[in-house]
Every structure is written in structure tokens, then in C-alpha cells.
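For reference, the structure is listed below as C-alpha cells.
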């Protein structure tokens, strides 16, 4: 995962997007939906990345993530 502009250290995921509840991982979208459950934080991160790629490829998308 690329480092966001202005950050020195590599962050594997942005913690405010991820939740760990009852031994399961979830991520929250900008639209407010909760996606999951996932067994590991890596699985949640991979699914979030997939979600973002699909969202960015939809008609009307600028092709850029709103997170960057």
C-alpha cells in the first residue's frame, strides 16, 4: 500500500476504517456501509482495496480515491 503524501512511515491500513468486533474484522466505507466479517486484518484490507477499485471503475467516478 502506498504511503499517503506527507507521511514518512508506511501504514498498512487506516485504523479508523477498520473495526475488530467479536473476533472478526470489518471495514467501513465512505458511504457508511459496514463490510465483513473477515478473519484477519489483512483479509479486510484486501477486500477494502478491491471495494475501492470497483468503486473507482464505476461510471461517473473520477478514478481517484477520495482518501488520497
Original post:
Quick one: Kirkwood hydrodynamic radius for region 15-57, alpha-carbon pairs, angstrom, one decimal?
Top reply: 10.3 Å
Subject >> Relative contact order (percent, whole number), region 15-57, Cα cutoff 8 Å, 6+ residue spacing >> reply: 26 percent
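Readers should treat all values here as calculations from the given coordinates under stated rules, not as data from a laboratory. Keep in mind that what you see is a predicted model, and the values were worked out from it rather than measured.
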